[in-house]
Every structure is written in structure tokens, then in C-alpha cells.
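Below is one structure; the comments refer to it alone.
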Amino acid sequence: MSHLKKTLINYQKPIVKITTITGVLLIIGFALFIIESGFFNNPDRVQNWVEGFGSIAPLAFLGLTFVQVVIPVLPGNVSTVVGVMLFGIGLGSFLNIVGIFLGSLANFLLARRFGRGFASYFVKQETYDKYIGWVNKGKRFERFFWISMVFPGFPDDFICLIAGLTKLPLKKFIFYFLLCKPITLFIYTLFPLYGMHYLYDVFQSF
């Protein structure tokens, strides 16, 4: 484990850069796929294509969502929108919530097991410095945690790591997460999705 820690510390910045670049490329690739597939004209066509893979498709997406939370590659809103577009609002939302919850729970437990060093591996130093001070805030952190789960703009994945460094009980972590995240996740998914539909319609009108 000590060798792994040293490797991650030595290559922390390249890891962050590579994952960021990979995320941007995946976003571009997905945008091109959506445009070429004619999803907005015939969304059933894409969903039927996904259904052709059977149970493998939702399980694969669930796994990718889990990995995305633990090792961020894509912005969270992108992967949630993809889930709804490919599997529909019902199944897509369910897969998003389960995958993100399991990934967030893993972050919490990993940080609790391996400490601050692990929490800094996959986040930029400025982000780490900005939020790590919340570790010693006690009850104030609990309020900050559920607020960060409700409102956009917070690095949720990293805050779940910070939660693992605090004295926040696992039961409270699960309670706050499941109380706040599913509803807001559903809202933040629908707004970008309908926004993409609107922009596509505008683009097609020219």
C-alpha cells in the first residue's frame, strides 16, 4: 500500500490532467454520437439499440457511473443526462441514483480507511485546500454536507471523501445522501436534457 501511495502522490497532477482531458474527449464523442444517431428526432431508435444489449447495458452503465464517482472523468451532470437519454427517465434515473450512491459510499469508506492522503489523490490541490478545512467543523459540517447535496456548484464526490474524514456516522451519511440527492439529481438531469432538446430544435431551425 505504501508503494501505491507514493505512486499516486508522485503522479497526482498527471492523473488529474489525464482524467480531465479524457472527460472532455468523452463529452465531445457523446455529443457527436447523439447528433449522428438522430436521437432528438427519434429517441426510441437509440433506446431500442441499447435494449438490444439486454441486461448487460444497464449493468455496464451502473458500473461506469460508480467508477465515475470514485475516479471523476466526466462532469456528474453529463453522465446523469446520458443515463436518462439511453434508458428513459424511470430506469435511467434509478441507475443514476444507485451508481452515484454506491460510488459516494465508496468514497466515504475509502477516506475513512486511508485518511487525508487518499482524499487528495484525485482532486486538484486548490479544491483540496478550499474544502479540507471543513473536516474539523463538527455539526457545522453536517449542515454543509446536506446543503452541498441539495444545491449545485459543489464538488459532491470530494465532499463525500471529506465526510469520511470527519466524525459523521455512516448512518447519518447515508440518511442525508438518500434524503437530499435523489430529488435534486432528478431535477438537475431534466433541466440539461430539455435544454439540449431546445438547443437542438433551435439549431435545426436555421
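The values are calculated or read from the model by the stated rules, or taken from the named source; none is laboratory data. The structure displayed is predicted, hence computed values, not measured ones. Please note: Cβ atoms are built from the backbone with ideal geometry, for glycine as well, and neighbour counts cover all protein chains shown. We work out accessible area using only protein heavy atoms, side chains counted, and drop any ligands, DNA or RNA first. Shrake-Rupley method; radii C 1.70, N 1.55, O 1.52, S 1.80 Å.
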> Is it true that PHE87 is in a helix (DSSP H, G or I), in contact (Cβ under 8 Å) with a residue 60 or more places away in the chain and either in contact with a strand residue (DSSP E or B) (Cβ under 6 Å, 6 or more places away or on another chain) or not acidic (Asp, Glu) (or both)?
Replying inline: no
> Among the residues of segment 162-175, how many are more than 11 Å from PHE141 (Cβ to Cβ) and open to solvent by 20 Å² or more (accessible area, probe 1.4 Å)?
Replying inline: 5
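Let's see how each residue does on (1) free of Cβ contacts under 8 Å to residues at least 60 places away in the same chain; (2) farther than 15 Å from ALA163 by Cα; (3) outside any helix (DSSP H, G or I):
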residue	(1), (2), (3)
GLY99	yes, yes, no
SER104	no, no, no
ARG112	yes, no, no
GLY133	yes, no, no
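Considering only segment 152-176, how many residues are free of Cβ contacts under 8 Å to residues at least 24 places away in the same chain and of a type outside the set (D, E, K, R)?
So in segment 152-176, the residues free of Cβ contacts under 8 Å to residues at least 24 places away in the same chain come out as 153-154, 169, 171, 175.
Now restrict to residues that are of a type outside the set (D, E, K, R): 153-154, 169, 175.
Of the residues in segment 152-176, 4 are free of Cβ contacts under 8 Å to residues at least 24 places away in the same chain and of a type outside the set (D, E, K, R).
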> Looking at this structure, is LEU86 at pLDDT 90 or above and over 20 Å from VAL150 (Cα atoms)?
Replying inline: no
> at pLDDT below 85, among the aliphatic types (A, V, I, L, M) and farther than 30 Å from ALA57 by Cα, is that true of VAL123?
Replying inline: no
>> Out of ALA111, ALA60, I need the residue that is touching a helix residue (DSSP H, G or I) at 6+ places or on another chain (Cβ under 7 Å), farther than 20 Å from ILE187 by Cα and at pLDDT 80 or above. Which one?
In response: ALA111
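Confirm whether ASP129 is under 19 Å from VAL70 (Cβ atoms), assigned to a helix (DSSP H, G or I), of a type outside the set (Gly, Ala, Ser) and modelled with pLDDT of 75 or more. Outline the logic, then answer.
Values: under 19 Å from VAL70 (Cβ atoms): no; assigned to a helix (DSSP H, G or I): yes; of a type outside the set (Gly, Ala, Ser): yes; modelled with pLDDT of 75 or more: yes.
No, not satisfied.
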